[in-house]
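Take a look at the structure set out below.
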Amino acid sequence: MCYNNVMQKLIEFESGLKLVFVQNPAVRSVALGVFVGAGVVKETPDISGISHFIEHMVFKGTKNRSSFDIVNEIDCIGAQINAYTAKSYTCFYTVSLDTNVDKCADVLSDMYFNPTFDEKELERERRVVIEEINESEDTPDDVCMERLLTCFFKGHALDKPILGSKKTLNAMTSDTLKDYHDKYYVPSNTVISIAGNMTEKQAIKLVNKHFESKCKAAKFKRVKVAEAEHRSALTKKKKQIEQAHIAFAFPSYAYDDKHSVAVQLMSLIFSMEMSSRLFQSVREKLGLCYTIMGYPSSYENNGAYVIYTSTNPESIEKAVLAIRDEIDLLLEDGVTDEELNKGKEQLKTSLVLGQESTSSMMRTFGTHATQTGKLYDFDARIEAIDSTTKEQILDAAKYIFDFNKVCASLVSPNDDIDILKLMKRKK
C-alpha cells in the first residue's frame with residue numbers, strides 16, 4: 001500500500017548546497033529550515049559548546065539587521081522563527097504562510113551569511129548561555145542524562161555536552177566564533193529543507209535568490225565520525241533532592257542502519273508508550289515511578305539505547321531489578337504477534353500523521369539529508385515496517401542489551417548503591 005502522496009526532491013546546486021523539498025498543496029504554510037553540519041561531533045574539547053553558542057549569536061545581529069529587527073520582521077508577518085543544536089548539526093528554521101516565505105528566507109539567509117558576532121552582544125549572550133547551563137545543572141534528570149552520555153561516549157567526539165561548559169564559554173571570543181563559522185557554514189556542509197505549499201520551481205528560485213547566489217567557493221572535506229568503543233561504567237552524583245534519577249545506556253545502531261526499524265518497533269513495544277512493557281510493569285503494576293521510558297538515539301556510525309526513570313531513593317533497587325527483569329523477559333521470549341502488529345500500526349501512524357505537519361516534514365527530510373546526503377524515502381520506510389519480523393526485533397534486542405558495555409548514571413540524595421551491579425546481576 002502506498003501512503004505517500006507528496007512530491008519529494010533532493011537537488012544539489014553548483015556550490016555543493018543541497019535543497020530537499022517536500023511539496024504539500026493541501027496546506028497554506030511553508031516550513032523552511034537551514035541545516036548546517038556543525039554540532040558536538042565537530043568540536044574539540046577547548047571549544048565545547050561553540051555550535052550552540054553560534055546558534056544563539058546569529059540571532060544577536062547581522063550586517064543588515066539588529067537582534068530586534070530579526071525577530072520583529074518575522075513577528076510582523078505572523079511567522080515563527082527558532083533554532084536548535086543537535087549532536088551532529090545545527091538547524092535554523094521558520095514556519096509561515098506560503099505568501100511570506102520569501103521574507104523568511106531573506107532573514108534566515110542574512111543570519112546564515114552575515115552574523116557580526118559583536119563583542120558586546122557576545123558578552124551578554126555568554127551570560128544567557130551560562131544561565132542555561134545553570135538551569136540544566138539544577139534539573140536532576142538533565143544532570144543524570146548528560147553524565148550518562150558523557151560516560152557512555154567517553155573519549156569520543158560525542159562525549160561533550162551540547163551546551164559546553166562555563167570554562168569553554170568564557171574562553172570564546174568573537175574571533176573564535178568567526179573562525180568556526182567560516183569553516184563549517186559553507187554550502188557543501190549545508191542543507192536547505194522546504195516543506196509546504198510551494199512548487200519545485202518556486203523552491204529552487206527561492207534558494208537561488210537567497211542562498212546559492214550568495215555562496216562563495218569554499219573547500220570542505222567531510223570527515224567521518226569514528227565508531228565509539230564502549231566500556232561499562234557507573235557515574236554517580238549526590239544531590240539533595242526528593243527522588244533518585246536513574247539511567248542506563250546500551251550500544252545501539254547508527255543512524256539509517258538497516259536495523260533501525262526493528263529498534264524503533266522494539267522501543268514502542270518495550271519502553272516508549274503507556275502500553276509498553278516497562279511502563280506497565282514498573283509504574284502500573286509495581287507503582288515504583290511516575291516516569292519511565294526507553295528510546296534509541298542514533299548518530300553517524302554510533303548509537304545508544306537509553307532507559308530512564310526516577311523513583312523514591314528507597315526504591316532504587318526494586319526499580320532497577322524490575323527493569324532488568326523486563327529486559328530478561330524480552331531476551332528470552334521476544335515479542336508477541338499482537339505486540340508486533342500494534343507496534344507497526346503505531347509507527348506507521350506516527351509517520352503518516354507527520355506528513356500533515358510542514359514543520360515535521362521539514363525536520364525529517366532536512367535531518368536525513370544532513371546525516372546521509374540522501375533523500376528520505378517515506379514509502380521505503382513504510383515497507384520496512386511492514387516487513388519487519390519478530391525475529392529481527394529479538395536480534396536487535398540481543399545486540400542492544402549487552403551488559404558488558406552498559407553504562408549507568410545515578411543522581412540521588414543516596415548514592416551509595418551500585419545500580420550498575422544491580423543491572424548486571426544474573427538470575
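Structural remarks
- log10 of Debye I(q)/I(0), alpha-carbon scatterers only, for the stretch 66-115 at 0.12, 0.15, 0.20, 0.21 Å⁻¹: -0.25, -0.39, -0.67, -0.73
- In Å, descending, principal axis extents of the Cα set of the stretch 232-331: 41, 29, 19
- Plainly put, the stretch 190-277 has a radius of gyration that is 1.15 times its Kirkwood radius, both from alpha-carbon atoms, as the Rg/Rh ratio.
- Histogram of C-alpha separations across the stretch 245-303, 5 Å bin width, %: 4, 19, 24, 21, 15, 10, 5, 1
- The alpha carbons of the stretch 55-166 occupy a box of 47, 32, 24 Å along the principal axes, longest dimension given first.
- Alpha-carbon Debye profile of the stretch 101-150, log10 I(q)/I(0) at 0.28 Å⁻¹: -0.95
- Alpha-carbon Rg/Rh ratio, for the stretch 309-427, with Rh computed the Kirkwood way: 1.08
- Fraction of the pair-distance distribution of the stretch 101-255 above 27 Å, Cα-Cα pairs, percent: 49
- Equivalent-ellipsoid semi-axes for the stretch 1-120 (Cα gyration tensor, √(5λ), whole Å, largest first): 27, 21, 12.
- P(r) of the stretch 379-427 over all Cα-Cα pairs, binned every 5 Å from zero, in whole percent: 4, 15, 16, 16, 13, 10, 10, 9, 5, 2, 0
- For the stretch 353-393, the dipole from Cβ point charges (+1 on Lys and Arg, -1 on Asp and Glu) about the Cα centre works out to 220 debye, to the nearest 20.
- Grouping the Cα pair distances of the chain into 20 Å bins from zero gives a pair-distance distribution of 24, 54, 22, 0 percent in increasing distance order.
- Tilt relative to the chain, helix 140-152 - C-alpha long axis, 0 to 90 degrees, to 10: 90
- Considering only the chain, percent of DSSP beta bridges that pair antiparallel, nearest 5: 80
- Compared with the direct C-alpha span, the chain from Lys209 to Asp138 gains 21.1 nm at full extension, assuming 0.36 nm per residue.
- Diffusion constant of the stretch 280-333 at 20 °C, which comes from Stokes-Einstein with the Kirkwood Cα-pair radius and 1.002 mPa s, µm²/s: 174
Only the coordinates and a few stated rules stand behind these numbers; no lab work does. Nothing here was measured: the structure is a model prediction, and the numbers come from that model. Backbone-built Cβ (ideal geometry, glycine too); neighbour counts: all protein chains shown.
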